[in-house]
Structures are given as C-alpha cells and as structure tokens.
Amino acid sequence: MSLTFDKNGNPDVYVGSKAFINFVNPDEVPDKKTGSTAEETEAEEIGKYKFIPWYDDNDFPVTAHQLIDSTPILKRALISLTKMMAGQGVYPTKVLEYNADGTEKLEVINDIEVLKLLRKNIVRNYLARCGYDIYALQNAFVKLIPDLGGSKILRIEPMNSKHCRLGEADSKTGKINNVLVLGNWEDADEKAVKTYTLLDYDNPDAHLEELKKSGELKKAPVVMHLKGDFSGNDYYSLPPWYSAKKWIDIAGKVATMVDAGMDNMLNILIHLQIPYSYWEKKYPSDEFDNKIERQAKITADVKALDEKLTSSENAKKTLITYFGDSEEEGDDEWKIDVIDKKFSQENLMTSSAADTQTAIAAGVNPDLLGLMYGNSKGGSMQRELLLIQYALSWLDRQKLADPLELMIRFNNSKYEDIELRFRNTFLTALDAGKETQTKLS
C-alpha cells in the first residue's frame, strides 16, 4: 500500500491491494498561504529592499524546477529546445545587402579578438544556461561585468534565475531599475541581498552609454533581463509548458501508481476518484498544528476505505456516499469505476497522452522526442521537423544574441552593425550521397 501527499498536505495518489484512488480537483483547495500560483502580486519588502515576488509565495522558480526535474518528457523537451537553439555556437557577421527574394548577403567578421571571445567557454556556458532558463522559466538574467574604468565590458556571466527578483517598479516611469539577488528567498536575510542596476529593456545600448558617461558603470556590474514574449504578465513571463500543468501532474501520478502497484502486480479492481474538498471539510487543515497528525488521520481513512471496497468480506457490496452543500452540481461527487477483469494492458493507465500534451505545450513537436505523435517515422519527416524547429527558434536566438552583440558594440564602435548568427547541423539524405552539413543561419 502506498499513499502520497502533495506540498499542501492533501492526499495525492493511493495504491492499495486492489484499489487505485486518485484525489482530484486540487483547485478547490488552494494553498492556505498563497491561493493561485501563477498570478503577479504587489511588491514585498526585505528590510530596506522592495521587490516584485515571482508569483504568489515568491517561489515559482523552485516549484517549476521541481516539476521539470520530476517529469522526464518535459526535462528532455526543454534540454532539446535549448540545444537546438544554441546550435553549434555563434559567428560574427555583417549584412551587406538584401536580395530581391529576401535572402541576405553576409560578410563574416574575422576580427581575431571577437572570434576569440565567441570561442571562450563563458559564451558556451551563457548560451546553455541562459538558453535553458528562457525555455524553463521564460526569464533569464545575465550579468555584464565592466573593467575598472567602466569603459569596456570584460565578460558576461549567466545568473541563476531562481535567485533573481525584479525590484519595485518606479512610480513615475513604471520601469524597473534594479534586480535583487538572494541565494535563499524562503528564509530571506536583508544582509545577504545583492542589488544590480537593470538595463533598460527596450534600449539597453543607450542606457549602457549613460552609465558609462555618469561613471556608474565602473562601480558595479549591470544586468540584462531576457524575458519571454508570449505572456500577458507585466514582470515575469509564464513559460508555455505551464499550460500543460494538469497533464504534467497526471504523468507524475501514473509513475507513482506504477511504482506502488508493482507490489501487487497492478491487479487493480477499483479506480476511485475523491475530490480534495472532501478531506478539507472532514479534516480542515487550519485546525491542525501538526501536518503529520492530519496526514495520519487521512491515511487511516483511506486504508479503511480500501478494506471496505476490496476485502473478501465486503466484495461486491455497494458503497454509497455524499457530502457537502456544493453550489455547483458535481463538485463533491465521488467517481468509482469497477474493473471486472484481471489485470491487462488496457487497465493500466499510461502517460503517452500526458507526454504528448506536455511536449506540445513546451513548444517542440512530439515526434522530435521519439513519441511518434503523427506520421513522422521516416527520416525525411524527421529532417523536416528539425528544419522547422530551427526556423521557429529565430526569435529566441535573437534574444539570446542580444547581450553578446551589446557587449561587442559597446567595446568597439566600428562593430555597431554586428549580427551574430548561429551555426546549425543540417541533416541530409545519406542515401543520396550527401553528408551531414553545418551551415550558418
């Protein structure tokens, strides 16, 4: 027997001797402290510092990474997207002219200093770490570190986004001027907070020049915020994969069920769905100082329910239950499915649907991850899907290139029209006598 609980102390999944109980409708019992987890809230304080919390309870990056790290298909999708966006690195170019068909005539900038910079491991680290943050959190932060005189940017340094929070917006301009960095936001200490100037989101070049002229740049590094474009939030973009959160939860429950069910070879006879609201009404969480005590009572009830449903003495007996005065019909309904046959593949819930929906929400074709969602088993279709993914990553690539281009332009005015392009490996048909090719795009 196995019963798991979520972070709010509510039962999650139970696998008994012959019963699988799924606890549903989590939205009916929000976290007592936070309510919703994906809405932006007003500024909060740590001593003299004011900041915009990253959604309710200020812990979205932590909970997001926990979801990602426990969901194999989501983790793989985000890593694959990052690798496809980064390609085989960047090269400096200059657009000489545009042709009538819209193609460009490029000139590669073979400046040894620029090439040396772009081949350094700090650039590879930046592309990988900030690229991953863009897909995982839709928010990435990169530090631009100046020389002592504040006349050049020596290097860029990717920051761990889960430690970063935006400062309070200026009451007059509405813009955010600072980024606060703290290693542990759950146990915030004012003395441990570090603050950095945040470059203007719309015109970082002009802002960087202003900081140079005023002498502010030589005092401390500055930070660029790389924010996703497809979110209605004002401060922190919500990652696209979050739209599949319910499917991600399902995938996690399937894994829990299969793991626990191995003890009885998944000989499940009954599938029961109980709303979270039942347990909240029977054992209100605010009446228990000790979460373990509440969980023990719930565990005892669930085991008793398993016995009532599946023991030999109670086999085939009817279970009738109702509770509450719900305003909406069906909100408090228990759903019971009796599985008459012994275990078969049809009785085992699989996560293929959840994996597919999660991959789609993350922004990658499921077939590129081996899910074979459509008719994409052939090599030609796989190559086409990869080309499409390269094309769709253009916007993300430009965003990732912005800090590097800004650094090169700022350090040398003759490269004010520099454009970084990404090298790709294009797959071609080997049976046609061609080999895998690497090109700029």
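The values are calculated or read from the model by the stated rules, or taken from the named source; none is laboratory data. Everything quoted here is computed from the prediction, not taken from an experiment. For neighbour counting, all protein chains shown are included, and Cβ atoms are generated from backbone atoms with ideal geometry for every residue, glycine included.
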Review point. Which pairs do you get when a residue that is in contact (Cβ under 8 Å) with a residue 24 or more places away in the chain, found in the range 380-396, comes within reach of a residue that is not in a helix (DSSP H, G or I), reach meaning Cβ atoms under 6 angstrom, with the pair 6+ apart or on two chains?
Key: Arg383/Leu427; Tyr390/Asn424
**Study point:** the range 189-210 residues that are under 20 Å from Gly47 (Cα atoms), paired with ones that are aromatic (Phe, Trp, Tyr) (beta carbon under 8 Å, 6 or more apart)
**Key:** Glu190/Tyr49; Val193/Tyr49; Thr195/Tyr49
Check your understanding: Can you tell which of Tyr201, Tyr196 is under 30 Å from the mean Cα position of the chain (by Cα) and buried (at least 19 other Cβ atoms within 10 Å of the Cβ)?
Key -> Tyr196
Review point. What do you reckon, is Thr63 free of Cβ contacts under 8 Å to residues at least 60 places away in the same chain and either out of contact with any strand residue (DSSP E or B) (no Cβ under 8 Å at 6 or more places or on another chain) or not basic (Lys, Arg) (or both)?
Key: yes
Practice item. Tell me, please, whether a residue that is within 30 Å of Ser231 (Cβ to Cβ), at pLDDT 95 or above and among the basic types (Lys, Arg) can be found in the range 83-95. Key: no
Exercise for review: Report, by residue number, each residue of the range 205-217 that is in a loop (DSSP other than H, G, I, E, B) and under 17 Å from Glu157 (Cβ atoms).
Suggested key: Leu217
Revision key, fill the gap. Counted residues in the range 283-324 being surrounded by fewer than 14 Cβ atoms within 10 Å (Cβ to Cβ), modelled with pLDDT under 70 and part of a helix (DSSP H, G or I) come to 3
Study note, to complete from the structure: Condition set in contact with a Ser or Thr (Cβ under 8 Å, 6 or more places away or on another chain) and surrounded by 14 or more Cβ atoms within 10 Å (Cβ to Cβ), scope the range 412-425, selection modelled with the lowest pLDDT: answer is Asn424
Revision key, fill the gap. Counting only residues that are in contact with a Lys or Arg (Cβ under 7 Å, 6 or more places away or on another chain) and crowded, with 19+ Cβ neighbours inside 10 Å, the range 139-155 contains a total of 2
Practice item. For the range 238-279, name all the residues that are at pLDDT 70 or above, in a helix (DSSP H, G or I) and either among the β-branched types (Val, Ile, Thr) or under 18 Å from Lys335 (Cα atoms) (or both). Key: Ile248, Ile250, Tyr276, Ser277, Tyr278, Trp279
Review point. Only one of these conditions is not met by Arg409: (1) at pLDDT below 85; (2) part of a helix (DSSP H, G or I); (3) surrounded by 14 or more Cβ atoms within 10 Å (Cβ to Cβ). Which number is it?
Key: (1)
